[in-house]
């Protein structure tokens, strides 16, 4: 289930227009799946139970990811890691904005490039990106 509908994307977020309803639905589903992955699925099935601020930030993050997909050739292009427009590679030599000194760094860059920077900005104040341990102040 997508966290936004086309009316929210067009009227509230005012994103880059997407004329085709099927394309929008597919992008919104993929963006919502990515948000779930990033938040360790804490929203899944419980989205309506969260405070209005968190719901709004998640909706904005989802809309930003939909727009990111639109601007970068769709989820298939972004998620596959083949969107290497800023890199030139000949054998072991690479030059460009995505270059790295080794394979591990390149893989990290590809993972980072799956997510719009705006998504991180919207989700940061919600606490949904926290991966640490909770503190327990009493013994059971």
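Only one of the numbered conditions (1) surrounded by fewer than 20 Cβ atoms within 10 Å (Cβ to Cβ); (2) under 16 Å from residue 124 (Cα atoms) is violated by residue 44, and that is (2). Within the stretch 27-47, the set of residues being in a helix (DSSP H, G or I) and in contact (Cβ under 8 Å) with a residue 12 or more places away in the chain comprises 27, 28, 29, 30, 31, 32, 34, 35, 38, 47. Residue check: is residue 58 surrounded by 11 or more Cβ atoms within 10 Å (Cβ to Cβ) and either at pLDDT 95 or above or in a helix (DSSP H, G or I) (or both)? For residue 58, the condition - surrounded by 11 or more Cβ atoms within 10 Å (Cβ to Cβ) and either at pLDDT 95 or above or in a helix (DSSP H, G or I) (or both) - is met.
The values are calculated or read from the model by the stated rules, or taken from the named source; none is laboratory data. Computed from a predicted structure; not experimentally measured. Glycine gets a Cβ as well: all are built from the backbone with ideal geometry, and neighbour counts include every protein chain shown.
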